[in-house]
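*Asks:* Questions regarding the structure given below will be posed in turn.
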Protein chains: 2
Amino acid sequence: MSKRIAGPEIERLIQLLAKVPGLGPRSARRAALHLIKKKEQLLAPLADALAQAVDKVRVCSTCGNVDTTDPCMICTDPRRDPATLIVVEDVSDLWALERASAMNARYHVLGGTLSPLDGIGPEQLNVRALVDRVASGEVKEVILAVNATVEGQTTAHYLTDQLSDFDVKVTRLAHGVPVGGELDYLDEGTLAAALKSRTAF
Amino acid sequence: MSKRIAGPEIERLIQLLAKVPGLGPRSARRAALHLIKKKEQLLAPLADALAQAVDKVRVCSTCGNVDTTDPCMICTDPRRDPATLIVVEDVSDLWALERASAMNARYHVLGGTLSPLDGIGPEQLNVRALVDRVASGEVKEVILAVNATVEGQTTAHYLTDQLSDFDVKVTRLAHGVPVGGELDYLDEGTLAAALKSRTAF
């Protein structure tokens, strides 16, 4: 706001809401007003939910996931196969894979990708714990579900190297045509990969 | 999330964030993760700001604005001209006009527009208090800054009627070409109004 038209509490709320991804300065104002108008139905419950999150959310010391318990719900779930470990860059990737509900495996969250120019080496990532988990002998397959970017693939190569001494199968996600995708809109690299990895019909 | 992958506190936070205007289910997940990662810089301050808002925000009994004091900062500002009253539908309109910084007036927030089909009559709006403020004699001009919609204009006509017995000038916002707007994209009604209200160059 160009000049002060409301108490500092409201202006601070707008400033903080503007930092939430998906909201900008304009939508933060709209969101603040909406919250204020829905005080009982939304503002108070959201304030409580955020306070609970401040209080209870922690990083899982086993896999690097975030949850309200440590170890997290996934690490302690007895129905999950401890022999399969899916390695992801970020918790958001873990959530995305869980939404697909394709595997009943456990996870390991790296917390980023190798990026020497940004000063991110193996020590800055959750790599040591990954090697320790594999070294414990329970894991039979490590699926490297990193992003198909240069940094992601560099990280995948590094991890393959680190895990080469152990009796563990290291796999990666298939490249190919996205389900529902049109060939005309796909890049050459994806099409070449999809042709190369063609399967029997 | 299709199946539970995190504690109920995190899922509740995502569900509540998804109700904030500007965020949907997908961006709520992204926002929740971002907040959790920036626990000290963003999550904790935002939780505090929302708790403060729950605690302190109230509706101004004079004008209907929302603020942390009652009467609000605008109603108690001695530098504002008490003779000019800008009538708006909603607090968001008040904030928009304040950003324009064009007038140093006071406000009156109706809280909506007349809409008989939705059961919104004068009693559901902040009309009685407006008439009382004008009747007190301090106000010399009432600017009806309602939206240029059918409901807004209906409300403006009703208010003009209600205020006709008092010695007060009732004005409305000018219609015309928006600053920076291109004629080609404007509707006929706006162009006709802009021509009719043309001014000397």
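*Asks:* Hey, could you get me the Stokes-Einstein D for region B:31-97, Kirkwood radius over alpha-carbon pairs, 10 °C and 1.306 mPa s, rounded to whole µm² s⁻¹?
*Replies:* Estimated diffusion coefficient is 111 µm²/s.
*Asks:* Here's a follow-up. Taking the alpha carbon gyration tensor of chain B, what are the square roots of 5 times its eigenvalues, largest first, to the nearest whole Å?
*Replies:* 39, 24, 18
*Asks:* Next question. Just need the relative contact order of region A:1-149 here, percent rounded to a whole number, with Cα pairs under 8 Å and 6+ apart.
*Replies:* Relative contact order comes out at 17 percent.
*Asks:* To the nearest 20 Debye, how big is the dipole of the protein assembly as shown about its Cα centre, given +1 on the beta carbon of each Lys and Arg and -1 on that of each Asp and Glu?
*Replies:* It works out to roughly 340 debye.
*Asks:* Using the alpha carbons of the protein assembly as shown, what is the convex hull volume per residue in cubic angstrom, as a whole number?
*Replies:* Taking only Cα atoms, the protein assembly as shown has a hull volume of 239 Å³ per residue.
*Asks:* Pairs of Cα atoms under 8 Å, at least six residues apart: use those to get the relative contact order of region A:85-176, whole percent.
*Replies:* Rounded, it is 31 percent for region A:85-176.
*Asks:* Can you compute the FRET efficiency between A:A135 and A:D70 using 1/(1 + (r/R0)^6), with r the Cβ-Cβ distance and R0 = 25 Å? Round to the nearest 0.05.
*Replies:* That pair, A:A135 with A:D70, gives E of 0.70.
*Asks:* Name the residue, out of A:R80, A:R29, A:R106, whose mean-square fluctuation peaks in a Gaussian network model built on chain A with Cα pairs under 10 Å.
*Replies:* Highest fluctuation of the listed residues: A:R29.
*Asks:* Once you've got the GNM for chain B with C-alpha springs shorter than 10 Å, pick whichever of B:R133, B:R99, B:R12 has the biggest mean-square fluctuation.
*Replies:* Its mean-square fluctuation being the largest, the pick is B:R12.
*Asks:* Just to confirm my numbers, what's the Cα centroid distance between region B:30-79 and region A:42-109 in Å?
*Replies:* A separation of 31 Å, based on Cα centres.
*Asks:* Follow-up question, since we're still on this one. What angle, in degrees between 0 and 90 and rounded to the nearest 10, separates the Cα long axis of helix B:150-163 from the longest principal axis of the Cα atoms of chain B?
*Replies:* For B:150-163 against chain B, the angle is about 50 degrees.
*Asks:* Under the classification rounded if a/c is under 1.5, otherwise prolate if a/b is larger than b/c and oblate if not, where does region A:75-118 fall, given a ≥ b ≥ c as square roots of the Cα gyration tensor eigenvalues?
*Replies:* Prolate shape, in that a/c is at least 1.5 and a/b is the bigger ratio.
*Asks:* Please work out, to two decimal places, the log10 of the ratio I(q)/I(0) at q = 0.14, 0.23 Å⁻¹ from a Debye calculation in which every Cα of region A:100-201 carries one identical scatterer.
*Replies:* -0.68, -1.26
We did not get these values from a lab; they are worked out from the coordinates using the rules stated. Note that the coordinates shown come from a computational prediction; the quantities given were computed from them, not determined experimentally. Positions of Cβ are backbone-derived with ideal geometry, glycine not excepted, and every protein chain shown enters the neighbour counts.
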